[in-house]
Amino acid sequence: MLGTVLLLLALAKTAYLSPASVASRRAEALKKLLEVFGMEDPPAPPAHFKQPPQYMVDLFNTVANADGVTKNPDILEGNTVRSFLDKTHSEEMRFLFVLSSVAKNEKILTAELHLFRLWPRVTDGPKRHHFCQVSVYQVLEKDKLDTPGGKKLLAARLVSLQTSGWEVFAITPAVRDWTEDESSNQGLLVTVQGLGGSPLNPPPLQFASGRGHHESKKPMLVLFTDDGRRGASLPTAGFPGASCTPGTTPSLGRSRSTRSLDRLQPCQRHPLSVDFEEIGWSGWIISPRGYNAFHCKGSCPFPLGENMRPTNHATVQSIINALKLSEGVSSPCCVPDKLYSINLLYFDDDENVVLKQYDDMVAGSCGCH
């Protein structure tokens, strides 16, 4: 995947072609680059300025550094996290989340309902509750909520009335139903009861709604999925962008002396900046603004030392090449031998915020293969 990115970026910046050819090549290159990111078209930027949910920003900062490079591949469950805001904006603790942007090939791993618990109301009289029971139901039939078949219990727990803050409820079975059959999505119902299951009127506990409360406290569904996209095995001698024998990679107008100098330098890692603003993607990508993909360049001369990080195969190939024991055997190539994933935090077409992890996007180190 990284090799494709390097080649496409180079093509997008080609300078020696006519203006029409440059524009055509750039459009083609950016379309291919979108395919690397699993998209057919770039999402439209939000019509108005939108603040991403703080949970999603915090999650991005937990799994990635400032350049988007993954800190620890085991932190994130799956490779995609989607956030959806409630569409009902109701005060009656009924919630509806539209999941049409979830692709059919995404495997549903975990779904969570995030509700912000407000400070409890002050009640009159000597009797004061310290806990209440909060239950979350999947709505099966809107007009039959009072019957056993009208709703299905998903989660229930005791909640303190002494504090405020986020409460998270697991609702994975409901979301799996909704993604299999979109018409079955009748939303969620949340109820507040006393310790014995008795109704509390008025309920001492309230959750922030999507209507009268701060943007950062809106009810939200967080969905962890995996789309099955995984990085390929590490590249071999044909890796695009690798420094190899003359003619194996596009020169794109570079001078002969520059290419010769590249071959004289030992195999090592060099910077390669990917700037999302430069390629016109800054409107829908929240973080990062860009990242350093790095690339490998240099020669793999005989004899290969340990600093070249050669494979056994590369060592043998180098010996055969040096001794001219077989025709057509080139010297080993300078290629990435360790690859890292990056994370993008972005707005999708429905203005939901998505965190997605992409494998094999950064060259971690280089070696002779």
* Neighbour net charge for Phe224 - beta-carbon separation under 11 angstrom, K R +1, D E -1 -> -2
* To do: Answer rounded, prolate or oblate for the stretch 324-363, using the Cα gyration tensor with square roots of eigenvalues a ≥ b ≥ c: rounded when a/c is under 1.5, else prolate when a/b is larger than b/c, else oblate.
  => prolate
* Residue by residue, what Karplus-based ³J(HN,Hα) values in Hz, rounded to whole numbers, does the stretch 351-366 have, using 6.51, -1.76 and 1.60 with θ = phi - 60° and x for Gly and Pro? -> 6, 7, 8, 10, 10, 10, 10, 10, 6, 6, 10, 10, 6, x, 7, 10
* Asked: What distance in nm separates the simple spin-label points at Ser198 and Phe131, each placed 7 Å from Cα in the Cβ direction?
  -> 1.7
* Amide H to amide H under 5 Å from Thr110: which residues, 5+ apart in sequence or cross-chain, H placed 1.01 Å off N in plane? -> Phe224
* For Gly367, distant residues with modelled amide H under 5 Å away -> Val335, Asp337
* Asked: According to the square roots a ≥ b ≥ c of the eigenvalues of the Cα gyration tensor, what is the shape class of the stretch 261-369, taking rounded for a/c under 1.5, prolate for a/b larger than b/c otherwise, and oblate for the remainder?
  -> prolate
* To do: Determine the gain in length on full extension of the stretch Ile319-Gln265; use 0.36 nm per residue of separation and subtract their C-alpha separation, reporting nm with one decimal.
  => 17.5 nm
* Taking the mean number of other Cβ atoms within 10 Å as a proxy for protection, how do you rank 181-188, 111-118 from highest to lowest? -> 111-118, 181-188
* DSSP bridge pairs, the stretch 256-346: antiparallel proportion in percent, nearest 5 -> 90
* Asked: Pulled fully out, how much extra length does the chain show between Ser18 and Leu34, if you take 0.36 nm times their separation in residues and subtract their Cα-Cα distance?
  -> 3.4 nm
* Summed residue charge, Cβ within 13 Å of Pro46's Cβ, Lys/Arg positive, Asp/Glu negative -> -4
* To do: For Met361, enumerate residues with amide H under 5 Å from its amide H, sequence gap 5+ or separate chain, H modeled in the peptide plane.
  => Tyr340, Ser341, Ile342
* Structure fact -> In this structure, the FRET efficiency calculated for Trp166 and Asn312 from their beta-carbon separation, with R0 = 45 Å, to the nearest 0.05, is 0.25
* **Neighbour net charge for Ala314 - beta-carbon separation under 14 angstrom, K R +1, D E -1** => -1
* **Among the listed pairs Lys107/Lys338; Lys297/Lys338; Lys31/Lys218; Lys87/Lys356; Lys87/Lys142, those beyond 26 Å (Cα-Cα)** => Lys107/Lys338; Lys31/Lys218
* Asked: In nm, to one decimal, how far is the Asp143 label point from the Ala156 one, both placed 7 Å along Cα→Cβ?
  -> 2.8
* Asked: Listed highest first by mean packing, meaning other Cβ atoms within 10 Å per residue, what order do 95-101, 18-24, 305-311 come in?
  -> 95-101, 305-311, 18-24
* If you plug each phi of the stretch 34-48 into the Karplus form 6.51 cos²θ - 1.76 cosθ + 1.60 with θ = phi - 60°, what whole-Hz ³J(HN,Hα) values come out, in order, with x for Gly and Pro? -> 4, 5, 4, 8, x, 10, 8, 9, x, x, 6, x, x, 4, 10
* Structure fact -> Expected unfolding gain across Thr62-Glu351 under the 0.36 nm per residue rule, minus the alpha-carbon gap, is 101.8 nm
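Throughout, read-outs are computed from the coordinates displayed, never taken from laboratory work. It should be emphasised that the depicted structure is a prediction, and the values quoted were computed from it without experimental measurement. Backbone-built Cβ (ideal geometry, glycine too); neighbour counts: all protein chains shown.
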